[in-house]
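One structure is given below, encoded as structure tokens.
The values are calculated or read from the model by the stated rules, or taken from the named source; none is laboratory data. Please read these numbers as outputs of a predicted model, since none were measured by experiment. Positions of Cβ are backbone-derived with ideal geometry, glycine not excepted, and every protein chain shown enters the neighbour counts.
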Amino acid sequence: MAERPQIFSVTELTRSIRELIEGVIGEVWVEGEICNYRKQASGHQYFTLKDDRSQLACVHFYRPGFRSASNIPLRDGMQVQARGTMTVYEARGQYQLNVSLIQPAGEGLLAARFEALKRKLAAEGLFDAERKKPIPRFPKAIGVVTSPTGAVIRDMINVLHRRAPWISIIINPVRVQGAGAAAEIAAAVEEFNSGALPPVDVIVVARGGGSAEDLWEFNEEVLARAIASSELPVVSAVGHEIDFSIADFVADLRAPTPSAAAELLAPDTTELLRRLQQMGAALRRAVQERIDRHRRDLAFISRSVLFREPRMRLDRAAQDLDALSEALQRAVADRIAFLKQRVAAAGGTLREHRPDQMLAMRRHQVEAVAGRLRILATQQMEKAKRRLEHSAALLRILGPQATLDRGYSITRNASGEIIRSAAQVKPGDTLITRVADGDLESKAI
């Protein structure tokens, strides 16, 4: 028996085709001429892109804040480049391009890719000034990532040796143009950070001038992220002063040219020597002024009476010290005599008041008070005992138990309420009757 074929509904098949197109093709750039352009009241724009043999339906959905890259209204006959996602409009079974960016065809795809990556990295904060690392003022070693041949490295070496011959230059050779060059440059930056190469204080990513296509590898995301992740400060020196790359925005410092980068990093030896000479002269003047001031102070002291007659001053100070010592001894003796008198007077007062006699008298007084308290307590207990016995006798005579003993009883219902009237009882109610020696349970009839 032949296997039954799988049968799709139109919707199922259309949805499968949409998922296939979106998954395989995804986002693309398409260039063509606009025709059948119309803009709805909602702000959505519908048009067709065509060339001499084919056409493609396009839709640009209105979103607040969106504008075309050129900021020029779209119209029929315009030659444009559109970026968007390929999908299928299931209601018609028609594939279309959902446009997210559109620009005149003359601006080129490279510029569009540049702006798209620039916006993406800026949104992530890779261009923020707060994350820029400081460039060392006096580096001992500089790592250069560039082509080992050509004028760039020779010019940088000449500038560095002329301005600061003590700086070590570590070259990590890479390709700076062509497919895959960006990955090589990124790997070279990572090598300097990994410690695989001799240590450096700063990294320079350098390339000479060229066309936009020649410099494009410095606009690749892989290189931008390698520079952003570098623990060492990175200087970007790509192209000429008018050239800007993504690497320039991510780097900690942009130099307009490779030679300018060398000048920024290497202090001018001549200028340093001039500054050192100026500082040395200022230091010599300051030291000489300090020496002159001390000499004047020494001359003034040598002319003073204290300097000319030191022995007389010392003898006078010794005599004053002896006088103070005698006065101190007299003051101590007087104080001791005064304290002896105070002690003698206190001893007389103590003898007059005899603490042992005072304690004996207070003890007798306490014992007398305690005896009176014991008598009063006994009397109060006897009175309370008599009152308690009288109350117990009354309770025996007048209490409920005495009444029960005389033959009376107390009847309650099941809730414990006392039955005072027959009206409180219904036939079948449970009654509990207390007599003198216990409780009886019964049913009302």
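Can you go through Arg412, Arg387 and tell me which one is in the same structural domain as Asp439 (by TED's automatic domain parsing) and of a type in the set (D, E, K, R)? Exactly one of Arg412, Arg387 is in the same structural domain as Asp439 (by TED's automatic domain parsing) and of a type in the set (D, E, K, R), namely Arg412.
Need at least 3 residues that are in contact with a Phe, Trp or Tyr (Cβ under 7 Å, 6 or more places away or on another chain) and hydrophobic (A, V, I, L, M, F, W, C) per element, so show me which strands (runs of 3 or more DSSP E) inside region 141-238 make the cut, counting only ones lying wholly within it. Show your work before the answer.
On the way: elements: 141-146, 168-173, 202-207, 234-238.
Counting at least 3 such residues, we get no strands (runs of 3 or more DSSP E) at all.
Mind listing just one residue for me: the one in region 85-143 that is polar (S, T, N, Q) and closer than 30 Å to Ser16 by Cα and, of those, farthest from the chain's Cα centre (by Cα)?
Taking region 85-143 first, the residues polar (S, T, N, Q) are 85, 87, 94, 96, 98, 100, 103.
When the remaining residues are screened for being closer than 30 Å to Ser16 by Cα, the result is 85, 87, 94, 96, 98, 100.
Numbers: Thr85: 39, Thr87: 43, Gln94: 51, Gln96: 47, Asn98: 41, Ser100: 36 Å.
So, considering only residues that are polar (S, T, N, Q) and closer than 30 Å to Ser16 by Cα, the one farthest from the chain's Cα centre (by Cα) is Gln94.
Of everything listed in (1) modelled with pLDDT of 85 or more; (2) surrounded by fewer than 12 Cβ atoms within 10 Å (Cβ to Cβ); (3) not in a helix (DSSP H, G or I), the single unmet condition for Leu20 is (3).
Take Ile169 and decide whether it is in contact (Cβ under 8 Å) with a residue 12 or more places away in the chain and surrounded by fewer than 18 Cβ atoms within 10 Å (Cβ to Cβ). Give the derivation first.
Numbers: in contact (Cβ under 8 Å) with a residue 12 or more places away in the chain: yes; surrounded by fewer than 18 Cβ atoms within 10 Å (Cβ to Cβ): yes.
Yes: the conditions hold for Ile169.
Among the candidates Glu221, Glu241, single out the residue that is under 29 Å from Lys120 (Cβ atoms), touching a Pro at 6+ places or on another chain (Cβ under 7 Å), surrounded by fewer than 20 Cβ atoms within 10 Å (Cβ to Cβ) and of a type in the set (D, E, K, R). Every option except Glu241 fails the conditions. Reported count of residues in region 262-309, each being at pLDDT below 75, basic (Lys, Arg) and either touching a strand residue (DSSP E or B) at 6+ places or on another chain (Cβ under 7 Å) or closer than 27 Å to Arg137 by Cβ (or both), is 0.
Being modelled with pLDDT under 90, farther than 30 Å from Val222 by Cβ and either in a strand (DSSP E or B) or touching a helix residue (DSSP H, G or I) at 6+ places or on another chain (Cβ under 7 Å) (or both), is that true of even one residue in region 44-56? Looking for residues that are modelled with pLDDT under 90, farther than 30 Å from Val222 by Cβ and either in a strand (DSSP E or B) or touching a helix residue (DSSP H, G or I) at 6+ places or on another chain (Cβ under 7 Å) (or both), one finds none in region 44-56, hence no. Gly143 falls short on exactly one of the conditions (1) within 16 Å of Val238 (Cα to Cα); (2) surrounded by fewer than 18 Cβ atoms within 10 Å (Cβ to Cβ), and that condition is (2).
Is there a residue in region 1-8 that is touching a strand residue (DSSP E or B) at 6+ places or on another chain (Cβ under 9 Å) and modelled with pLDDT of 85 or more?
Just the residues of region 1-8 that are touching a strand residue (DSSP E or B) at 6+ places or on another chain (Cβ under 9 Å), to begin with: none.
Taking every residue of region 1-8 in turn, none turns out to be touching a strand residue (DSSP E or B) at 6+ places or on another chain (Cβ under 9 Å) and modelled with pLDDT of 85 or more.
Listed by first and then second residue, the pairs linking a residue in region 195-217 that is basic (Lys, Arg) to a residue that is surrounded by 22 or more Cβ atoms within 10 Å (Cβ to Cβ), with Cβ atoms under 6 Å apart and 6 or more places separating them unless they lie on different chains, are Arg207/Val176; Arg207/Val238. Kindly evaluate Ile157 against the criterion of being closer than 12 Å to Ser259 by Cβ and surrounded by 14 or more Cβ atoms within 10 Å (Cβ to Cβ). The answer is yes for Ile157.
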